[in-house]
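The values are calculated or read from the model by the stated rules, or taken from the named source; none is laboratory data. Please read all numbers here as calculations on a predicted model, not as lab measurements. Because the Cβ atoms are built from the backbone with ideal geometry, glycine has one as well, and the counts that use them run over all protein chains shown. We work out accessible area using only protein heavy atoms, side chains counted, and drop any ligands, DNA or RNA first. Shrake-Rupley method; radii C 1.70, N 1.55, O 1.52, S 1.80 Å.
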Amino acid sequence: MATTTLDQLRKRYTRNHIELSEFRADYMPHINNEEHLLRILRAHPQPLSVSKLHASQRAPCIIYLSDLARWLDAQEAAAKAA
């Protein structure tokens with residue numbers, strides 16, 4: 001039985017989401033700050049959905065694992081098509 005991307009992410013992370021800073025460190029360490037990362041993600045042809053757990057300005061930006069799995073799968077498909 002094949003393991004899905006979402007299953008692999010759930011094994012790696014203990015929560016249903018990761019913070020944007022964690023995403024940057026794990027997947028895009030070449031990006032220096034979160035503001036630049038957000039601009040890149042929003043401009044991407046297949047944007048990654050970034051949320052907040054609550055409306056506070058100090059609440060960290062998060063990415064749900066299900067959204068991250070879809071994004072990673074789309075990245076893989078695009079790389080194979082190129």
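Identify, please: which residue in segment 40-79 is surrounded by 12 or more Cβ atoms within 10 Å (Cβ to Cβ) and basic (Lys, Arg) and is, among those, nearest to Thr3 (Cα to Cα)?
Arg70
Could you list, ordered by first residue, the pairs with Cβ atoms under 7 Å in which the first is in segment 45-64 and free of Cβ contacts under 8 Å to residues at least 40 places away in the same chain and the second is open to solvent by less than 60 Å² (accessible area, probe 1.4 Å) and in a loop (DSSP other than H, G, I, E, B), at least 6 apart or interchain?
What qualifies is Lys52/Ala59; Leu53/Ala59.
Quick check on segment 65-82: of everything there that is in contact (Cβ under 8 Å) with a residue 24 or more places away in the chain and either aliphatic (A, V, I, L, M) or part of a loop (DSSP other than H, G, I, E, B) (or both), which residue is farthest from Lys11 (Cα to Cα)?
Per the stated criteria, the residue is Ala78.
Considering only segment 9-21, state which residues are open to solvent by 50 Å² or more (accessible area, probe 1.4 Å) and touching a Pro at 6+ places or on another chain (Cβ under 9 Å).
Within segment 9-21, just Glu19 meets the criteria.
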